[in-house]
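Heads up, the thing below is written out as structure tokens.
Derivation of every value follows stated rules applied to the coordinates shown; laboratory data play no part. These figures come from a predicted structure and were not determined experimentally. Heads up, the Cβs are rebuilt from the backbone with ideal geometry, glycines too, and the neighbour counts pull from every protein chain shown.
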């Protein structure tokens, strides 16, 4: 029971660290537009720690972290998006995390990680087509016909680029980070075993 509590606490601490890293990345790499025709569509690197958390602990933890980061970002750094911006961020990144996380958790190999990230990026792009058709007219106060006209030249390429970049970076750095976490976990287990052995020796 104590070991389970320690593991749960350790997981929460690591998720907190990754959440903080997402916010720090937003400050270091300020969100910026990729296409001049749609300055409201901005790239940010905050999804990378969220995707790492998703691979480490599963899609539902990744979704929860998405909500936390999106709310903090929406009320601090990206305030121009308002509530609609927060909702769209949760839907976009949440769809990415759930798709990639569900695929990866069944087979945790390098090849499957690449597949999970690729499918997740495509899922986010498709989801955001529908999301933009519904929410962008409300956000911009523009007719839906204008949004439809922006799908192929701007909205779809933007989401493919944003998701693709974040997926690629996650793919490169995930394994080193997961090994680092595993090393720390193994060290704690060794220390616990050593303590238990010392206690057992004292009892004898």
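Quick notes
- C-alpha long axis of helix 47-57 to longest principal axis of the chain, angle in °: 40
- When 108, 42, 162 are sorted by how many other C-beta atoms sit within 10 angstrom of their C-beta, beginning with the fewest, the order is 108, 42, 162.
- Cα centroid separation, the stretch 71-121 to the stretch 15-59 (Å): 9
- Angle in degrees between helix 59-76 and the longest Cα principal axis of the chain, rounded to the nearest 10: 60
- With coordinates expressed along the principal axes, the C-alpha atoms belonging to the chain extend over 81, 35, 27 Å, beginning with the largest.
- Packing-based ranking, highest mean first, of 18-31, 43-56 given that Cβ atoms within 10 Å are counted: 43-56, 18-31
- For the stretch 93-130, backbone nitrogen atoms closer than 19 Å to the point 7 Å from residue 68 Cα along Cα-to-C-beta are found at 93-98, 101.
- Relative contact order computed over the chain (Cα-Cα under 8 Å; 6+ residues apart), in percent: 18
- On Cα atoms only, tilt of 2-28 relative to the major axis of the chain in degrees: 40
- Inter-site label distance for residue 11 and residue 144 at 7 Å from Cα along Cβ, in nm: 4.1
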